[in-house]
Amino acid sequence: MVGPIARVVICLVLGWGVALHSEKTQDCDAINPICERSDACFALDLVRETSPERAKLDHHHHSNVYIASDNIKDPEEVPNFSETARMLRGKHLRIRSVLAWMDNAGFYTYPLLVINQLRFAEKLGLIGSKKPFVYMPETHHYFTHCSKGAPNFWEKWFEPISSVDYKDLADNQIWEFNQATIQNMHHDWEAVHAYPYDTADLYVKGDVGTQQWVECMRKRAEPTIQRYIAVKQDVMNQAQWRYSKLFPSGSEVMAIHLRGTDKWITNIVQTSSYIDVVEKYLGVENKNRYIFLATEDSRMLEEIRRYVDSERLIYHPAMRGTTGDNPFYNDTLSKDQKCWDVLFDTLTMSMAGKIVKPWSAVSEFAVYFHNKYFHDQSLVVRDMQLAPMNSSKVSNCPDVRKHVSGIPRPFEEITPTS
């Protein structure tokens with residue numbers, strides 16, 4: 001049997017057998033402009049207020065439009081909404097990225113944009129017999145336009161959400177949400193949020209960050225993820241193969257996510273905060289217990305290594321940075337490798353029986369993917385940054401815990417104390 005240290009060496013030398021998609025450019029079609037620029041397709045505007053003046057005061061969003069948690073119009077506020085909805089049901093929704101966010105959007109911003117556009121379109125009755133599709137061809141920190149292997153970012157790493165061949169569609173068969181609407185939907189109090197968007201410049205109504213709130217967000221996300229969101233099968237196959245090589249059969253694995261470097265929307269949870277739960281978990285007389293560490297921060301990796309026996313600590317050889325220096329911003333690094341790194345960390349966490357995590361989309365999507373791919377296996381989650389249940393803020397979610405099955409249990413219920 002290959003030992004943990006040897007397994008790390010194997011992955012460094014062999015690259016885990018991953019055949020990276022080539023990032024060399026090729027001749028390809030020009031990017032189709034967003035509908036609001038081309039006027040060749042319909043762009044739906046649901047924003048109450050754009051206010052460029054107020055947008056200038058927002059140092060978070062890199063946008064020229066005002067963004068708020070309650071800035072999406074209700075149907076009765078939209079003139080002739082019934083007629084518009086009937087017209088849109090006869091067209092295909094083309095799901096786009098936020099062009100203003102290309103310089104700072106993390107990997108899981110893109111599936112969240114897809115999830116929330118689909119949720120709002122379905123809620124408003126805008127999807128009929130014409131199936132939606134995702135079109136994200138723009139260059140950003142995780143993708144280069146015209147790179148070989150896929151025509152757009154989504155199709156490189158995720159399965160298509162429908163069977164639509166968008167190359168055969170005329171512009172008059174397509175509609176989109178306009179860019180201001182997409183940005184506001186992403187932060188709307190009825191959207192799916194992977195963590196609370198509570199910053200100095202923005203308070204999202206109802207983002208209280210309690211146990212009840214995060215359970216509600218997971219339940220909101222689940223139907224859309226089950227129906228539409230799937231990572232590429234070759235990525236899933238590689239992740240499962242890696243897991244089988246990292247952990248012996250019968251292992252019990254607790255995944256911990258240390259999010260450092262440039263984390264700023266919510267505070268960084270320091271490594272020391274994880275030590276107690278790690279020591280309790282490994283303190284039980286069970287040689288088959290392992291810690292899987294997911295982190296983009298080399299400093300935090302070195303800190304946790306001081307506390308955990310190298311035979312029990314497993315991690316992928318990902319690209320890592322230091323304080324304030326997240327490698328995902330560095331476009332001299334392989335963009336494909338950056339994608340593999342984040343996907344492998346998330347999928348490995350999703351296969352563990354326990355996850356200890358801060359507010360982060362990387363580990364939150366591990367919970368989503370567990371519920372999609374491994375729902376027959378138990379999962380226990382400890383969210384390290386939960387607000388107290390008696391928070392004075394008003395939640396945007398009802399109390400769903402006692403009515404819903406399948407929501408991960410609070411970690412404290414089964415954490416061993418000896």
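Values computed for the structure shown
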{"quantity": "Separation of the residue 332 and residue 211 label points, Cα + 7 Å toward Cβ, nm", "calculated": "4.8"}
{"quantity": "Per-residue HN-Hα couplings for region 178-190 [Karplus 6.51, -1.76, 1.60; θ = phi - 60°; Hz; x = Gly/Pro]", "calculated": "6, 4, 5, 5, 4, 5, 6, 4, 4, 9, 5, 5, 9"}
{"quantity": "Whole-Å distance, taken between Cα centres, linking region 244-296 and region 160-236", "calculated": "28"}
{"quantity": "Range of Cα positions in region 87-179 per principal axis (Å), largest first", "calculated": "36, 26, 21"}
{"quantity": "Efficiency of FRET from Cβ geometry, residue 49 and residue 83, R₀ 25 Å, rounded to 0.05", "calculated": "0.55"}
{"quantity": "Label point distance in nm, residue 129-residue 73, each placed 7 Å from Cα along Cα→Cβ", "calculated": "2.9"}
{"quantity": "Label-to-label distance, nm, for residues given as residue 234 and residue 171 (7 Å Cα→Cβ offset)", "calculated": "3.4"}
{"quantity": "Cα centroid of region 117-139 to Cα centroid of region 362-392, whole Å", "calculated": "26"}
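Where a number appears in this text, it was derived from the coordinates with a stated rule and is not lab data. A quick note: this is a predicted structure, and the numbers were derived from the prediction, not measured. Cβ coordinates were reconstructed from backbone atoms using ideal geometry, including for glycine residues, and neighbour counts include every protein chain displayed.
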